[in-house]
1. Take A:His136, B:His85, A:His196 and sort them by solvent-accessible surface of the protein heavy atoms, 1.4 Å probe, largest at the top.
2. Less than 14 Å Cβ to Cβ from B:Val251, Lys/Arg counted +1 and Asp/Glu -1: what total charge do the surrounding residues give?
3. With 28 Å as the limit, write out which pairs from B:Lys133/B:Lys210; A:Lys17/B:Lys188; B:Lys248/B:Lys272; B:Lys151/B:Lys210; B:Lys151/B:Lys248; A:Lys110/B:Lys210 have Cα-Cα distances beyond it, or answer none.
4. Report the paramagnetic label zone for A:Arg244: residues of region A:169-203 whose backbone N is under 14 Å from a point 7 Å from Cα along the Cα-to-Cβ axis.
5. For a quick size check, give me the Cα extents of chain A along its three principal axes, largest first, whole Å.
6. Kirkwood Rh, Cα Rg: Rg to Rh for the protein assembly as shown?
7. Below 14 angstrom from the Cβ of B:Leu236, what's the summed charge of the other residues (Lys, Arg +1; Asp, Glu -1)?
8. With every protein chain kept in the model, how would you rank B:Leu209, A:Leu256 by accessible area, 1.4 Å probe, largest at the top?
Amino acid sequence: MNARKSSSAVVAEDVSKVFFSGQDPVWALEDFSLTLEPGSFTCIVGPSGCGKSTFLRILGGLEERTVGTVTMPDDGQQIPAAFVFQEHGVFPWMTVLDNIGFGLRMSGLKKAERTEIARDWLSRVRLDDFADAYPHQLSGGMRQRVAIARAFATGSPLLLMDEPLGALDAQTRMLMQEELIALWEQERKTVLMVTHDIDEAIILSDRVIVMSGRPGTLREDITVPFERPRTFDIERTPEFSELRSRIWNLLREDALTAEENA
Amino acid sequence: MSTTSTSLQGDREQRTLVAATAQRARERSLATRDLVLSISTPILLLVLWELSARYQIIDPRFFPPPSQIVTAGYEMILDGELWMHTAPTLMRLFVGGGLGAISGIVVGLLMGSSRALNAALGPLFSALYPLPKIAIFPILLMIFGPTETPKIIAVFITTFFIMQINTVSGVWAIDRKLLEAGAAYGAKGFDRFRFVVLPGAMPFVFSGLKTATGTAVVVVTAVEFTGATTTGLGYLIWNSWQLFIPEKLYVGLVVIGVIGAIVTTLLSRSEKLLLPWRRER
Ligand SMILES: Nc1ncnc2c1ncn2[C@@H]1O[C@H](COP(=O)(O)OP(=O)(O)OP(=O)(O)O)[C@@H](O)[C@H]1O
Ligand SMILES: [Mg+2]
């Protein structure tokens, strides 16, 4: 039991990443370790530039780590992780429907099947009327929804999301948060999500990882105690406020030291 | 009370609609004016030319009045002389240019996707690119003799380099994020090429094609000037100068201009058709 569990977990151990900008090394990540249990929802918060995106990209195989080990679940999936990019990254030359079905197409699904799945996701992100539109005809928030649908549609058990709701307006954002909770509660994928929004992190996740400023290290690993299924009602509980101010204080210290150093 | 407020609202809606309609009408009349201006300016110039040539304000030996050029053109169409020169030029342009464009695009895509290939060929091509292709023409003549081959090759080389360089830039200009999105969703090898690299490079390919068309027309005309041929619009222009028949010279000029304009228009049209995802401009 235990062995099977750990074989499908995502494990990162002492991952460091150094970039070179010109001659000077930039430490984006330092000795960062994290284990994601299958079916868990984890959020990463941290000051801008602390290496959150870098860590996600390393997990997704888009960036090579300088040192450290990463173990991905070995379940024969063609796409190890479905990615939602900070700036959506949908293809401007594909219609909305083709964009959503892209991952499925790459894993070799027949046209009829992938269209059916893509249409289903299209309506789940409420873009039914835009199936044949091109991304430049959509608003920023709509494009971001296409990117989210594209990730979910792959059926990959691991979702890596880099500020997926960052570009949305407040109302759409809340609706998408609700939808994300519902989706996740149905499908129980392993989700790792970067966000700048502390409330969002608490509402959505089982665990909130707070990172320190550059170089990014793990500063605090907080378990979110709220029962599932969750609603926005938990925002009004004292536990929620307490958790929020705890995370906020952790981040603030970092922001202050960053300002002193600057 | 409520009826007055709805009628007020109706009023406002009505006024907004009226304003919008007026705005659109203004926009349309401006568009019509633009069209009229764009057509009437050249006509006005032609009329000026005609009059000043007739009244000898400009020397009609160098600038024959447009009516004479039209008559000369008409006669040349009737006796087949015009087609005799137009056909070979078109052939050289389309065979040389077509093959040059295709191979330039293919090589450009390969160089854009393979770092090693680009390292091997990039500097060499950059060094060759600014060479005036017309300067190589004598070498080609020496090798192939006064046949069609050297002329086609001259056009081929011209188009090839322009397309190769534009296509490589096109591949490099693809948003990194989109290449990563392709990779993240498992697009490898030929799929990556088909769904990400090729469509991503297309805008640059089309702007390259338009540049190449202009340059290819210049090169084919220049090659036909050289006396290595007795056909082609370039030859017609050159020969008319030597025999001092200015009307025919102008006919050749006009036909070359029209060919360039038609090809460029066709390219713009097919770009709109093939790349519907580009933001309308
Ligand atoms: N390709 C690169 N070359 C050089 N430096 C880089 C590169 N990518 C990221 N960095 C640096 O690594 C650090 C971490 O970047 P990263 O994008 O991971 O930050 P982040 O935590 O996602 O920030 P944000 O919250 O603003 O998105 C930054 O200081 C950045 O300048
Ligand atoms: Mg980031």
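1. A:His196, A:His136, B:His85
2. Values: positive: B:Lys248; negative: B:Glu75, B:Asp79, B:Glu81, B:Glu247.
Net local charge, B:Val251 excluded: -3.
3. Details: B:Lys133/B:Lys210 18 Å; A:Lys17/B:Lys188 25 Å; B:Lys248/B:Lys272 36 Å; B:Lys151/B:Lys210 21 Å; B:Lys151/B:Lys248 23 Å; A:Lys110/B:Lys210 38 Å.
Those over the limit are B:Lys248/B:Lys272; A:Lys110/B:Lys210.
4. In region A:169-203, the label zone of A:Arg244 (backbone N under 14 Å from the point 7 Å along Cα→Cβ) covers A:197-203.
5. 54, 45, 45
6. 1.13
7. Values: positive: B:Arg92, B:Lys248; negative: B:Glu75, B:Asp79, B:Glu81, B:Glu224, B:Glu247.
Summing Lys/Arg as +1 and Asp/Glu as -1 gives -3.
8. Details: B:Leu209 35, A:Leu256 85 Å².
Output order, biggest surface exposure first: A:Leu256, B:Leu209.
The values are calculated or read from the model by the stated rules, or taken from the named source; none is laboratory data. Keep in mind that this is a model prediction, so the values were computed, not measured. In this analysis, Cβ positions are derived from the backbone assuming ideal geometry, glycine residues included, and neighbour counts consider all displayed protein chains. The protein model used for the area step is the full one, side chains on, heavy atoms only, and it has no ligands, DNA or RNA in it. Shrake-Rupley method; radii C 1.70, N 1.55, O 1.52, S 1.80 Å.
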